[in-house]
């Protein structure tokens with residue numbers, strides 16, 4: 001198969017022929033119809049993710065496609081089924097998985113990080129029984145590919161971890177793919193959303209996704225003045241500055257959710273966290289069993305992830321796009 005491959009961190013990736021994957025016990029091979037270009041893939045290529053240990057390496061972790069092969073022991077799935085999967089492949093048997101918390105499975109694997117990913121014509125889904133998700137017939141592969149990481153991650157961060165409520169003020173710091181998804185989801189839930197980003201094009205996309213207000217990062221004072229301090233704030237970018245700004249924009253007893261990956265340690269002043277009884281929460285993906293709630297909202301038109309897709313590129317253009325780190329909106333790769 002053809003795949004995007006790099007032989008060391010920060011070494012320029014190329015498209016080359018590599019062996020086709022084989023479905024082992026409990027696994028399926030998916031023919032990739034669309035895969036997302038995510039900032040997390042850039043972090044991996046930069047060497048920010050310790051899970052990438054073996055080279056050559058194929059990135060990519062959010063995808064949708066059609067089952068091409070079914071491994072021994074897999075039941076209920078067949079070649080030709082339209083599917084997607086979370087970017088976290090849970091084991092399905094540990095204490096966390098038995099409790100339904102697949103997203104924090106200690107034995108998890110992640111395509112594009114712990115093993116080869118989806119910037120390729122085919123990708124393997126491990127532990128298919130707990131990680132495969134059937135796609136609605138009318139959901140495009142492009143829209144479905146965006147669900148596996150950014151949209152699903154944002155959905156759980158806003159709805160489950162952030163506990164968004166109608167009428168609340170919500171701030172989203174960083175309007176890349178996951179930030180724009182969070183804007184759309186929070187607005188659909190009835191919240192008043194303020195989108196914060198340095199890029200005017202990203203802010204325009206945020207306004208189209210439902211943001212009531214848009215601001216540059218340097219206007220934290222305006223954000224607090226406008227809202228009285230937000231009820232819920234999210235760092236969807238992942239930097240020391242955006243994390244501090246997110247916490248700093250909260251009102252008393254507000255909730256901060258960290259979505260964006262932080263490349264290094266971040267020093268935080270905990271005095272306000274204690275005095276104001278703030279909640280600091282992490283959010284890491286979403287388990288496959290939680291997808292029906294989100295898919296139902298997409299099917300009834302409340303959410304429209306396809307509106308966040310700003311370009312689709314062929315596999316041959318993916319190496320340069322990965323190195324450049326993406327652009328506003330969601331970029332899809334069509335292998």
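Each value in this text was obtained by applying a stated rule to the coordinates, not by laboratory testing. All values derive from a computational prediction rather than experimental measurement. When we count neighbours, we look across all protein chains shown, and the Cβ atoms used for this are built from the backbone with ideal geometry, even at glycine.
At-a-glance table
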read-out	value
R0 of 22 Å, Cβ-Cβ distance residue 75-residue 98: FRET efficiency to nearest 0.05	0.65
Distance between segment 110-166 and segment 169-218 - C-alpha centres, whole angstrom	21 Å
Within the chain, percent of DSSP bridges classed antiparallel, to nearest 5	50 percent
Peptide ranges 97-103, 73-79 listed from the most packed, as the mean C-beta count within 10 angstrom indicates	97-103, 73-79
Segment 153-240: antiparallel DSSP beta bridges as a percent of all, rounded to 5	0 percent
Gain on full stretching of the segment that runs from residue 9 to residue 268 - 0.36 nm per residue minus C-alpha separation	90.3 nm
Sum of -39500 (n - 2.57) over DSSP H runs of 4+, divided by residues of the chain (222 nm, nearest 500)	-6500 deg cm²/dmol
Choice from 216, 287, 19 with maximal GNM fluctuation in the chain (Cα, 10 Å cutoff)	19
Likely footprinting exposure, 303, 261, 232, 135, fewest C-beta neighbours within 10 Å first	261, 135, 303, 232
Contact order normalised by residue count of the chain, Cα under 8 Å, 6+ apart, percent	20 percent
10 °C / 1.306 mPa s Stokes-Einstein diffusion coefficient of the chain, Kirkwood radius on C-alpha pairs, µm²/s	79 µm²/s
Over 18 Å [Cα-Cα, segment 208-333], rounded percent	67 percent
Cα convex hull of segment 108-225 - mean projected area over all directions, nm²	9.4 nm²
Degrees, to the nearest 10: 177-188 long Cα axis against longest axis of the chain	60 degrees
Difference of contour (0.36 nm per residue) and Cα-Cα distance, residue 296 to residue 137	56.0 nm
Whole-angstrom gap from segment 17-43 to segment 230-297, using each part's C-alpha centre	29 Å
Distance (nanometres) between label positions extended 7 Å along Cα→Cβ at residue 312 and residue 219	3.5 nm
Using alpha-carbon coordinates, inclination of helix 200-209 to the longest axis of the chain, degrees	90 degrees
